[in-house]
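Reviewing the structure listed below.
The values are calculated or read from the model by the stated rules, or taken from the named source; none is laboratory data. Being a predicted model, the structure only gives us computed values, none of them experimental. Note that each Cβ is placed from the backbone with ideal geometry, even for glycine, and that neighbours are counted across all protein chains shown. Note: accessible area is taken over every heavy atom of the protein model, side chains too, but ligands, DNA and RNA are not part of it. Shrake-Rupley method; radii C 1.70, N 1.55, O 1.52, S 1.80 Å.
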Amino acid sequence: MAASTAQIVAHWVEHEVEMTVDWSTAHERCWRCGYRTRLEKCHIVPVALGGSDAADNLVLLCARCRREAPSHEDPRYMWRWLRATGVSSPDSTYWTMRGWEEFEVIFGRKPLEVFREAEVDHRSLNAECRALAADEFAKTVSHFGEGRLNPSTIACVIAEIEKKLADRHGITLP
Ligand SMILES: [Zn+2]
């Protein structure tokens, strides 16, 4: 039987690995993105490569981070990845940031850049974005079991907000 969540946390606290997540919340927050969500046990060395179900071969990740985690016979890559991409802030905006990056990939420009170039006051722009966001988020749905929007969906929301702002300010989007 695989080690329990408590055993996994206890094992790594004892081994004092350098981590971004706060150990007091490591049983309820993803060790990578920091969100409080349902955690999955993720093998450091995959079972198919001889990894065990013991606490020393498991970390706790949300479903999305688990899909992005390295699957390699050398356990050092898992820790290196966690340290390089993990965030410590409890109210992490990690996935929102990923949505902004995804927007850039999809649309080939930075979100809201056209408005900054047109010198729309940034404070009123932020306020308008916040006001529009609730309606736009209502048009989306998170994938089953995830509870949060994925980066490409967040990028769509940003695109919709941009369209409304463009109409309002008489700006043509590229
Ligand atoms: Zn996560």
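Brief remarks on what is shown
- Checking L149 against (1) open to solvent by 80 Å² or more (accessible area, probe 1.4 Å); (2) assigned to a loop (DSSP other than H, G, I, E, B), the condition it does not meet: (1)
- Among the residues of the stretch 41-70, just one is within 22 Å of M1 (Cα to Cα), more than 12 Å from the ligand (Cβ to nearest atom), touching a Phe, Trp or Tyr at 6+ places or on another chain (Cβ under 9 Å) and in a loop (DSSP other than H, G, I, E, B), namely I44.
- The residue list A63, A48 contains one member that is among the small types (G, A, S) and either open to solvent by 40 Å² or more (accessible area, probe 1.4 Å) or more than 14 Å from the chain's Cα centre (by Cα) (or both), which is A48.
- Hits in the stretch 4-35 - residues which are among the hydrophobic types (A, V, I, L, M, F, W, C) and buried (at least 18 other Cβ atoms within 10 Å of the Cβ): I8, V9, W12, M19, V21, A26, C30, W31, C33
- Every residue from the stretch 11-35 that is more than 10 Å from the ligand (Cβ to nearest atom) and of a type in the set (G, A, S): S24, A26
- Flag if I154 is open to solvent by less than 70 Å² (accessible area, probe 1.4 Å), away from the ligand (no atom under 16 Å from the Cβ) and either β-branched (V, I, T) or at pLDDT below 90 (or both): no
- So V47, is it β-branched (V, I, T) and modelled with pLDDT of 95 or more: yes
- A search for C-beta distances below 6 Å between a residue of the stretch 17-41 that is without any contact (Cβ under 8 Å) to a residue 60 or more places away in the chain and any residue that is hydroxyl-bearing (S, T, Y) and open to solvent by 30 Å² or more (accessible area, probe 1.4 Å), counting only pairs 6+ apart in sequence or on different chains, returns H27/T5.
- Among the residues listed as R80, R38, the single one being open to solvent by 40 Å² or more (accessible area, probe 1.4 Å), away from the ligand (no atom under 12 Å from the Cβ) and not β-branched (V, I, T): R80
- Each residue in the stretch 112-145 was checked for being on the phi > 0 side of the Ramachandran plot and modelled with pLDDT under 80, and 1 of them qualify.
- Considering only residues in the stretch 84-111 that are surrounded by fewer than 17 Cβ atoms within 10 Å (Cβ to Cβ), among the acidic types (D, E) and modelled with pLDDT of 90 or more, the one that is farthest from the ligand (Cβ to nearest atom) turns out to be E104.
- Residues satisfying the stated conditions in the stretch 7-40, i.e. in a helix (DSSP H, G or I) and in contact with an Asp or Glu (Cβ under 7 Å, 6 or more places away or on another chain): H11
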